[in-house]
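Chemist: Provided herewith is a single structure, encoded as structure tokens, for subsequent inquiry.
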Amino acid sequence: MTSRPHKQIPQVTDKQISQVTDKQIPQVTDKQIPQVTDKQIPQVTDKQIPQVTDKQIPQVTDKQIPQVTDKQISRIPQVTDKQIPQVTDKQIPQVTDKQIPQVTDKQIPQVTDKQIPQVTDKQISRVTDKQIPQVTDKQTPQVTDKQISQVTDKTRKHDV
């Protein structure tokens, strides 16, 4: 896959995708990533996802993000500000405890109204004190009562 011209990427088979090694993933070019098809994305293995580099992540298109599987979303190192709104509400609960604190101040306002209610109790418990003030006035009404109590409990723990 890494040696193929970017226009050939859509013809790569499922089996070929699964055969790309961990060492080859970082060699996939900026032009090749947007050519990966909706059908191919779920074929990327759990082992391959963490090998995607910070430079490659921004090349994943808005159309590709919703095609990422639940298992894959939990293994993505970090998404960009532009990609946050493309994460589906079904994918939100798959974001891991380790990924939550990595959400940047710029990304929190990008979280959509549909995504907010999907944030789990466990994820809320990983929100940092620095992230809480980044929730916008528009987002606040979408926060559930249960989420508010989690944030309040978290804040109290840190105030003690």
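Chemist: From the set of residues in segment 101-137 that are touching an Asp or Glu at 6+ places or on another chain (Cβ under 8 Å) and more than 21 Å from Gln91 (Cα to Cα), which is modelled with the lowest pLDDT?
Modeler: Across segment 101-137, the extreme among qualifying residues is Lys130.
Chemist: While we're here: Which residue out of Ile41, Ile76 is closer than 23 Å to Gln107 by Cβ, hydrophobic (A, V, I, L, M, F, W, C), modelled with pLDDT under 90 and within 20 Å of the chain's Cα centre (by Cα)?
Modeler: Only one candidate qualifies: Ile76.
Chemist: Give the number of residues within segment 1-60 that are in a helix (DSSP H, G or I), touching a residue at least 24 places away in the same chain (Cβ under 8 Å) and not polar (S, T, N, Q).
Modeler: Count: 16.
Each row is one residue, and each column tells you yes or no for (1) at positive phi; (2) exposed (fewer than 14 other Cβ atoms within 10 Å of the Cβ); (3) of a type outside the set (Lys, Arg).
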{"residue": "Asp62", "(1), (2), (3)": "no, yes, yes"}
{"residue": "Arg75", "(1), (2), (3)": "no, no, no"}
{"residue": "Gln118", "(1), (2), (3)": "no, no, yes"}
{"residue": "Asp129", "(1), (2), (3)": "no, yes, yes"}
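Chemist: Based on this model, can you work out whether Val36 counts as in contact with a helix residue (DSSP H, G or I) (Cβ under 8 Å, 6 or more places away or on another chain) and β-branched (Val, Ile, Thr)?
Modeler: So Val36 passes the test.
Chemist: Right, something else. Within segment 46-55, work out how many residues are within 13 Å of the chain's Cα centre (by Cα) and surrounded by 15 or more Cβ atoms within 10 Å (Cβ to Cβ).
Modeler: The total comes to 2.
Chemist: How many of the residues in segment 105-137 are over 16 Å from Gln86 (Cβ atoms) and assigned to a loop (DSSP other than H, G, I, E, B)?
Modeler: 13
Chemist: May I pose another question? Just give me the residues in segment 82-96 being within 10 Å of the chain's Cα centre (by Cα) and either in a loop (DSSP other than H, G, I, E, B) or within 22 Å of Asp121 (Cβ to Cβ) (or both), in sequence order.
Modeler: Hits for segment 82-96 are Gln83, Ile84, Val87, Thr88, Gln91, Ile92, Gln94, Val95, Thr96.
Chemist: Scanning for something surrounded by 19 or more Cβ atoms within 10 Å (Cβ to Cβ) and touching a Pro at 6+ places or on another chain (Cβ under 6 Å), does segment 4-14 turn up at least one residue?
Modeler: The answer is no; no qualifying residue exists.
Chemist: Lys63 passes all but one of (1) modelled with pLDDT under 90; (2) under 24 Å from Gln118 (Cβ atoms); (3) assigned to a loop (DSSP other than H, G, I, E, B); which number fails?
Modeler: Only one criterion is unmet by Lys63, namely (1).
The values are calculated or read from the model by the stated rules, or taken from the named source; none is laboratory data. What you see is a predicted model; the values in this text were computed from it and never measured. Using ideal geometry, Cβ is built from the backbone for each residue, glycine included, and neighbour counts are taken over all protein chains shown.
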